[in-house]
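A quick write-up on the structure given underneath.
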Amino acid sequence: MNLIDVIKARRSVRKFKRTPISDTIINELIESARLAPSAGNAQNHVFGIIRDESLRRQLAVAAGEQMWIASAPVVIAGCSDISWDIANQPEDDFGVIVNHLRFGNSFIADMKKYPNRRAFLKLYHNGSPCIPMEHIFLTAVSHGLNACFVGHLDIDKASEILHLPKNMACLFLLPVGYADEAPIEKELKSIDEISFYDRWISK
């Protein structure tokens, strides 16, 4: 399959066959994540390959008791090192400068003072595993597999289940397997509805 065909075939699936996924394919999934870009090349994403059925069931419970998650032969845990805290950085740090420009000085000042630092850091680093996980998803599709992003998740509970250290958080789950259902066709907006050239023109 070429890339555009893989993208067209990508569908979220919530029912999987029990067919195991080979180590060769798993390694290729994680390699595709390793090659993904990250902000400032921080590479603070880490991926757990969860095959143990008991752990998969525990993670499914932590994900709002979505027990279909445990039906996948592999659940990829999208984790991040959340130790970088904007409140501890000097004002000339590039990340601080960029965030001031993007979100404004008053917002960043408020975020630096937010009392629950772990809650803030989970939100701040929430996007870090997303591009690598999409690489994993598309690579899975190229092997005839399907998956589904799961963000409905008790992050602290999932992190505890996986015995992550305090500087790490499990932010997403990605159950992966061979589909045991026909993916639902999505109604998508047209190219004209999702793009504009040069300047926005009201339609």
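Brief remarks follow.
- Straight-line cross-link reach from LYS15 at under 16 Å between alpha-carbon atoms covers no lysines, not counting any fewer than eight positions away in the same chain.
- Axis angle, to the nearest 10 degrees, between helix 23-34 and the longest C-alpha principal axis of the chain: 20 degrees.
- In summary, the stretch 85-124 shows an alpha-carbon radius of gyration equal to 1.07 times the 2.2 N^0.38 Å reference for compact globular proteins.
- Dividing the summed -39500 (n - 2.57) terms of all DSSP H runs of n ≥ 4 by the residue count of the chain sets its mean residue ellipticity at 222 nm at -11000 deg cm²/dmol.
- Summed side-chain charge close to GLN43 - residues other than GLN43 whose Cβ falls under 10 Å, Lys, Arg +1, Asp, Glu -1: 0
- Amide H contacts of VAL74 (H built 1.01 Å from N, in plane; Pro and chain starts excluded): VAL176 sit under 5 Å, all sequence-distant by 5 or more or on other chains.
- Phi-based couplings in Hz for the stretch 116-122 (Karplus 6.51, -1.76, 1.60; Gly and Pro marked x): 8, 5, 5, 4, 4, 5, 4
- Highest average packing first - 76-86, 157-167, 34-44, 53-63, Cβ atoms within 10 Å: 76-86, 53-63, 157-167, 34-44
- D by Stokes-Einstein for the stretch 1-99, Kirkwood Rh over Cα pairs, 4 °C, 1.567 mPa s: 78 µm²/s.
- For ALA70, the shell of other residues with beta-carbons less than 9 Å away shows a net charge of +1, using +1 for Lys and Arg and -1 for Asp and Glu.
- Modelled this way, with points 7 Å down the Cα-to-C-beta line, the labels at ILE191 and ARG18 are 4.6 nm from one another.
- Net charge of Cβ neighbours under 14 Å - reference GLY127; Lys, Arg +1; Asp, Glu -1: 0
- Whole-Hz Karplus values for the stretch 93-107 come out as 5, 4, x, 5, 4, 4, 5, 4, 5, 6, 10, x, 5, 5, 5 Hz, taken residue by residue from phi with 6.51 cos²θ - 1.76 cosθ + 1.60 and θ = phi - 60°; glycine and proline positions read x.
- Angle in degrees between helix 53-62 and the longest Cα principal axis of the chain, rounded to the nearest 10: 50
- Compactness ratio for the stretch 91-177: Cα radius of gyration over 2.2 N^0.38 Å (N = residue count) comes to 1.36.
- For the stretch 105-159 and the stretch 1-67, distance of Cα centres in Å: 14
- Straight-line cross-link partners of LYS112 among the lysines, defined as a Cα under 21 Å from its Cα and at least 8 positions apart when in the same chain: LYS122, LYS166.
- Mean projected area in nm² (Cα convex hull; one quarter of hull surface) for the stretch 138-203: 8.7
- Sequence-distant lysines (8 or more away, or on other chains) whose Cα lies within less than 16 Å of LYS8: LYS186, LYS189
- Peptide ranges 178-186, 142-150 listed from the most packed, as the mean C-beta count within 10 angstrom indicates: 142-150, 178-186
- FRET efficiency for VAL61 and MET1, using Cβ-Cβ distance with R0 set to 35 Å, rounded to 0.05: 0.50
Rule-based calculations on the coordinates, nothing more; no lab input. A quick note: this is a predicted structure, and the numbers were derived from the prediction, not measured. Counting neighbours? That spans all protein chains shown, and the Cβs are built from the backbone with ideal geometry, glycine included.
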